[in-house]
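Bear in mind that the values in this text are calculations on the coordinates, not laboratory data. Here the structure is a predicted model, which is why all the values come from computation and not from measurement. Reconstructed Cβ throughout: ideal geometry from the backbone, glycine too, with neighbour counts over all protein chains shown.
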Amino acid sequence: MNPRPWLESARVELLLFVREPMTVVFALVMPAVFVLVLSGVFGDTPDPSGAVFRGVGGSTYYTPAYIGLAAASVGLILLPTHLAGYRERGVLRRLRASGVPVTAVLIGQVAVALALSLAGGLLVVAVSFLSADPMGAVDPWGVLVAGTVGALAFALLGLALGALLPSSRAAQGAGVLLWFLVFMLGGAGPPPEVLPGVMSDIGDFTPLRPLIIALQDPWFGNGWNGGRLAVLVGIGAVAWAVAAFRLALPRTMLRFSGWREITLGDLGAKQGILGGINAVIVGNYLTTLGRPAESDLELLDDLQMPIKALNASL
């Protein structure tokens, strides 16, 4: 196999990524600024009761957490926006027609995402140690393994989002929304111990929480957390399967139909549409009442989802 197309694809993708201002802001600057601010606010004096920050000081807690946040920034915002833009402009179709392997482009994007996550993590560590006095990593190799697995999981999650969402605008909007959700509930904002019970429980199901714990455990000297690493591997595997299915069958319809008003409600419908549902049956059904078509059109407008076609009756 000739490696030249793969290496050239990675080089081109890197150049395209670093030209985006959002790359610099979200992947590199923002996690470093957050660790600078929060380390200054909380210092590194452990809570005497050990009830918050997992028994360590604030700057020690947030340093590995924001290594994870850098990976989340790349995977949730940068990569899906980039890939959705390719699909929106027909770039992938032209690549297929010209004989360039689309897989090479996707692997190039994942490789660039890993490199940006590494750069963001290194910048977080540098800023943290220059501005505060956190405890050094007890097991650097464990931190490196957890960071690599987590960055790969978020990169594959980014591919899935980019493959599902219909446009770069939709991908950017959904990515920023998800980023703030995982930031606030996943352990990179308020410590999970101070969140209300329901919010803390929701945070357990965000992809950032297992990454932060997988990074913190070897940093604090608690050993490798095999369970959290396995969760990250599972997230990456499912995301890769979704992305591969969607990119291989781009015209397949995933449709919402009857009873979604009862079983899912508005929140479930929004999450499903953001997650890749690309067709909706609106109005009343054959034997059951639905919801007004206007309500679904307003929901799509709120989510900034473009409508490709409407039934003539609408």
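One chain, two ends: residue 294 and residue 102. Fully extended at 0.36 nm per residue, the span grows by 65.2 nm beyond their Cα-Cα distance.
For the pair residue 19 and residue 145 in one chain, pulling the backbone fully straight at 0.36 nm per residue adds 42.5 nm over the alpha carbon distance. When the alpha carbon gyration tensor of the stretch 71-142 is reduced to an equivalent ellipsoid, its three semi-axes come out at 36, 13, 8 angstrom, largest first. Checking every one of the chymotrypsin sites (Phe, Trp or Tyr not before Pro) in the stretch 212-252 against DSSP loop status and a limit of 16 other Cβ atoms within 10 Å picks out 224. Summarising the amide proton neighbourhood of residue 291: residues at separation of 5 or more, or on other chains, whose placed amide H is nearer than 5 Å comprise 283. Ranked from largest, the principal axis spans of the Cα set of the stretch 108-172 equal 45, 23, 16 Å.
Restricting the trypsin sites (Lys or Arg not before Pro) of the stretch 14-94 to loop positions (DSSP other than H, G, I, E, B) with no more than 10 neighbouring Cβ atoms within 10 Å leaves 19. Inter-part distance, the stretch 176-246 to the stretch 53-79, computed on C-alpha centroids, equals 10 Å.
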